[in-house]
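K.L.:
Please see the structure below; I have some questions.
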Amino acid sequence: MRKQSGGPALSRILWELSQDAQRERIAISDLLVALGDRATAALMFLFAFPNVVPTPPGTSSILGAPLIFLSAQLMLGQAPWLPALVANRSMARADFSLLVKRIVPWLQRAESLLRPRLSSLALPPMEYFVGFVSLLLSVLLVLPIPLGNVLPALAISLMALGVLERDGAWVLAGLAMTVVAGSVVYGVLFAMLKAGLYFFTQIR
């Protein structure tokens with residue numbers, strides 16, 4: 001299946017890579033090569049989306065760091081690049097295959113809805129603004145805020161897919177989710193601060 005944006009569907013790229021029997025392990029650098037000039041938005045989705053579904057504690061802090069790099073590069077209009085320490089990280093192909101099988105059904109549903117529309121919202125200079133917003137959200141992901149990772153990750157996922165497929169409607173949906181995420185995180189931080197001050201006044 002070929003998307004209207006001009007490249008193979010992300011789900012197809014991931015599936016073919018996971019089924020490559022010649023590879024014992026799949027590194028992030030392999031994804032960079034396979035995704036080519038679409039790697040920035042595609043990897044942003046791949047690092048963000050696992051935070052939307054139930055994952056082991058600490059996942060957001062691990063996946064959030066690469067997101068910060070990628071979001072900053074999207075903001076600056078730079079080609080995708082990750083430090084060797086991150087790019088060389090790999091997992092067994094069998095484990096990668098299990099991860100892909102978990103992600104692909106959701107991704108295929110999204111791809112059936114994605115199409116080029118309102119493209120000016122998914123192209124520079126708007127694309128740089130999406131990178132800036134994603135950078136702020138990525139910082140939230142690495143902070144130990146209760147319930148503070150799901151909505152920011154969902155917002156990044158929506159915007160990344162919108163940029164990937166030049167679908168401005170999804171970018172708008174991601175920006176709307178950003179407002180919701182910011183409100184929720186602000187509310188949680190305010191409640192934590194208020195509880196901390198109350199505890200401090202009680203022990204004096």
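The values are calculated or read from the model by the stated rules, or taken from the named source; none is laboratory data. From a predicted model like this one, the values you see are computed outputs, not experimental measurements. The protein model used for the area step is the full one, side chains on, heavy atoms only, and it has no ligands, DNA or RNA in it. Shrake-Rupley method; radii C 1.70, N 1.55, O 1.52, S 1.80 Å.
K.L.:
Give me the percent of accessible area attributable to carbon and sulfur for region 83-133, probe 1.4 angstrom.
P.N.:
65
K.L.:
Another question, then. If you line up the Cα atoms of region 91-177 on their principal axes, what length do they span on each, largest first, in Å?
P.N.:
39, 33, 19
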